[in-house]
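See below for the structure under consideration.
The values are calculated or read from the model by the stated rules, or taken from the named source; none is laboratory data. Note that the structure is a prediction, hence the values are computed from the model and not measured. When we count neighbours, we look across all protein chains shown, and the Cβ atoms used for this are built from the backbone with ideal geometry, even at glycine. Side chains are part of the model used for accessible areas, which takes the heavy atoms of the whole protein and leaves out ligands, DNA and RNA. Shrake-Rupley method; radii C 1.70, N 1.55, O 1.52, S 1.80 Å.
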Amino acid sequence: MTQLSLWLACIACLIAGTAYYLRPKNRSTQYIGATAITVHTFSLTQLLLNYDGFNFLTIGLLIAVIGNSLLWLSNRDKDLSLLLGTALLLSTIVIALNVIKPWNLTQLHSSSWGTSAHILIASTAYSLFTTACGVGILLSIQEYQLKHHKLKQLLRVPPLQVLEQLMFEFIWAAFILLTITIATGFYFIEDMFAQHLVHKTFFTIASWFVFAGLLLGRHIVGWRGQLAVKLTLSGFFLLMLGYFGSQIVLQILSN
């Protein structure tokens, strides 16, 4: 089975999953989501085995499949169907764009197991932060609608307290992994402040301080609600700017 065939099968499964989770209904099964994520994982695994190293696309798809898996697991006892369906749709769009016109991206060779572990830990941290941001956006919308008495427009999501608790659970897990990512980066990568890495290092560390401040403020003074969401989005923006922003400049615009 060719890589193109795998991606087309993956797109079909993701579209089915998107339609299932975005359609208002009583949840009856998670098999469709599990199938879509399994095919996505298998397709990405085959891609990684066929190429030497990672690139902008494969790391993005790795972050997506981990994030989708986290949402699928959370959706088993909390109704996050809206968020999961949206995440599957975004994954479908990224894969479809690559199938239509494959991107000519520079491979980021992983010269050691340590570098590969660093990339995997970083991808998991990014996935957790992405999921936390998604939950935070739902929290912000739901809180806004409640405050403005737009009860008929309420989203099909868990209560505010559940969403907020879930968001901080994701942030805590992601923050721990981000800390490990920074530590392993300094250990396994020769010069984290080299010219092609300095912007990534700067924004990653800046993001770490934002999330550290958020968690400290949550613990000491009980930060929550819109303030917590804004800080979460700010830290996430810095993190994504550090990696994806630099990769767009280095790999796409430079080609």
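For segment 148-167, does any single residue satisfy the condition of being modelled with pLDDT of 90 or more and open to solvent by 70 Å² or more (accessible area, probe 1.4 Å)?
yes
Confirm whether Asp77 is among the acidic types (Asp, Glu) and either more than 30 Å from Ser116 (Cα to Cα) or at pLDDT 80 or above (or both).
So Asp77 fits the description; yes.
Looking for whichever is of a type in the set (Ser, Thr, Tyr) and at pLDDT 90 or above here; the options are Thr184, Thr131. Which one fits?
Thr131
Which residue out of Ile37, Ile15 is in a helix (DSSP H, G or I), touching a helix residue (DSSP H, G or I) at 6+ places or on another chain (Cβ under 8 Å), open to solvent by 50 Å² or more (accessible area, probe 1.4 Å) and at pLDDT 85 or above?
The conditions single out Ile15.
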